[in-house]
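Asker: Here it is, the structure in full.
The values are calculated or read from the model by the stated rules, or taken from the named source; none is laboratory data. These numbers come from a predicted model, not from an experiment. All Cβ positions, glycine included, derive from the backbone under ideal geometry; neighbour counts span all protein chains shown. Accessible surface is based on the protein model in full, side chains and every heavy atom, while ligands, DNA and RNA are left aside. Shrake-Rupley method; radii C 1.70, N 1.55, O 1.52, S 1.80 Å.
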Amino acid sequence: MRQATEWLAAAATDPRACKRQWHSESGVAVLACGRFWDVLSVPEELGVLALDALLCGPQAPGPALADAGSRRVGFFLPPDPAGHWIGSDIRYLGQEAWIAVPAPHRAAGRLRWLVPPDGTGTLFVPSAVELALQQALGTLAAQASARGRCPTCGGPAAGLRAHSGDGPG
């Protein structure tokens, strides 16, 4: 646990102040992305399905953080200054971005670790995360199609006609 705390706090501009913040009432510190890791933030439903697939894979998982307030999951990836991800409601936090995190061993308010950092620097492999997200999106699309809903916005799927009960149909 100490190794994980030291590794995560090292991303702070002042690691001692970071640790004090983790022991304060809020239990949260704001850390810079882009030096030790970047964070890919996705909608919760998509992120939880993707994380399930990643945890079944052969590679050791990196840290994953859930934000219950914004209903998002963040995957910690190796820094990639040229990195960008494209997708509906996908946010990539790299250089010059910041993220609020609790201490590795605890939850704080709306923030909790789905996979806490292990202190070794293990991060998710971007290509594995991409594949898991594609699989998760396929699962969500199939579920939405079965319900006649758009997997992205939840509205009626294109091409479906609402049946009003009037006339043939």
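Asker: Using +1 on the beta carbon of Lys and Arg, -1 on that of Asp and Glu, and nothing else charged, what's the dipole of the range 6-135 about the Cα centre, debye to 20?
Answerer: On the way: 10 positive and 13 negative charges, 84 e Å.
Dipole of the range 6-135, to the nearest 20 debye: 400 debye.
Asker: Note down the nm distance, to one decimal, between modelled labels 7 Å out along Cα→Cβ at W98 and at S127.
Answerer: So the label points at W98 and S127 sit 3.6 nm apart.
Asker: Per DSSP H run of n ≥ 4, the term is -39500 (n - 2.57); total these for the chain, divide by its residue number, and report the mean residue ellipticity at 222 nm rounded to 500 deg cm²/dmol.
Answerer: Numbers: 4 runs with 50 residues, N = 169.
Here the helix-only value at 222 nm equals -9500 deg cm²/dmol.
Asker: Moving to a separate point now. What accessible area, in Å² to the nearest ten, does a 1.4 Å probe give for D118?
Answerer: Rounded to the nearest 10, the figure is 80 Å².
Asker: Where a ≥ b ≥ c are the square roots of the eigenvalues of the C-alpha gyration tensor, would you call the range 1-93 rounded, which needs a/c under 1.5, or, failing that, prolate if a/b is larger than b/c, or oblate? Present the calculation step by step, with values, prior to reporting the outcome.
Answerer: Working: a/c = 1.62, a/b = 1.56, b/c = 1.03.
Cα axes put the range 1-93 in the prolate bin.
Asker: If you don't mind, there's one more thing I want to ask. How high is the relative contact order of the chain? Use alpha-carbon pairs under 8 Å, at least six apart in sequence, and give a whole percent.
Answerer: Working: 291 pairs, mean separation 47.0, N = 169.
Worked out over the chain, it gives 28 percent.
Asker: With a Förster radius of 25 Å, plug the Cβ-Cβ distance of S145 and L55 into 1/(1 + (r/R0)^6) and report the FRET value to the nearest 0.05. Display every interim value, and only then the final one.
Answerer: Working: r = 26 Å, r/R0 = 1.04.
Rounded to the nearest 0.05, the efficiency is 0.45.
Asker: Take R20, R72, R112 and sort them by solvent-accessible surface of the protein heavy atoms, 1.4 Å probe, largest at the top. Mind dumping the intermediate values first?
Answerer: Details: R20 150, R72 15, R112 125 Å².
Output order, biggest surface exposure first: R20, R112, R72.
Asker: Which of [x] 126; [y] 106; [z] 151 is the computed volume of the Cα convex hull per residue in Å³ for the structure on display?
Answerer: Working out volume of the Cα convex hull per residue in Å³ from the coordinates points to [x].
Asker: Ignoring ligands, DNA and RNA, please state the percent of accessible area on the range 53-125 from carbon and sulfur, probe 1.4 Å.
Answerer: 53
Asker: Let me ask something else about it. Taking 7 Å along the Cα-to-C-beta vector as the label spot, tell me the R20-I86 distance in nanometres, rounded to one decimal.
Answerer: My value for the distance between the label points is 4.6 nm.
Asker: Could you pull the accessible area for E44 with a 1.4 Å probe, rounded to 10 Å²?
Answerer: 50
Asker: Quick one: dipole size for the range 1-71, taken about the Cα centre, charges +1 on Lys/Arg Cβ and -1 on Asp/Glu Cβ, in debye to the nearest 20.
Answerer: Roughly 360 debye for the range 1-71.
Asker: Taking only protein heavy atoms into account and a 1.4 Å probe, give the accessible area per residue of the chain in Å². Before the final figure, lay out each step's value.
Answerer: Details: 9650 Å² over 169 residues.
In whole numbers, the chain has 57 Å² accessible per residue.
Asker: Give me the angle, in degrees from 0 to 90, between the Cα long axis of helix 44-55 and the longest principal axis of the Cα atoms of the chain, rounded to the nearest 10.
Answerer: Helix 44-55 sits at roughly 70 degrees to that axis.
Asker: In the full protein assembly as shown, how much of C56 is accessible to a 1.4 Å probe, in Å² to the nearest 10?
Answerer: It works out to around 120 Å².
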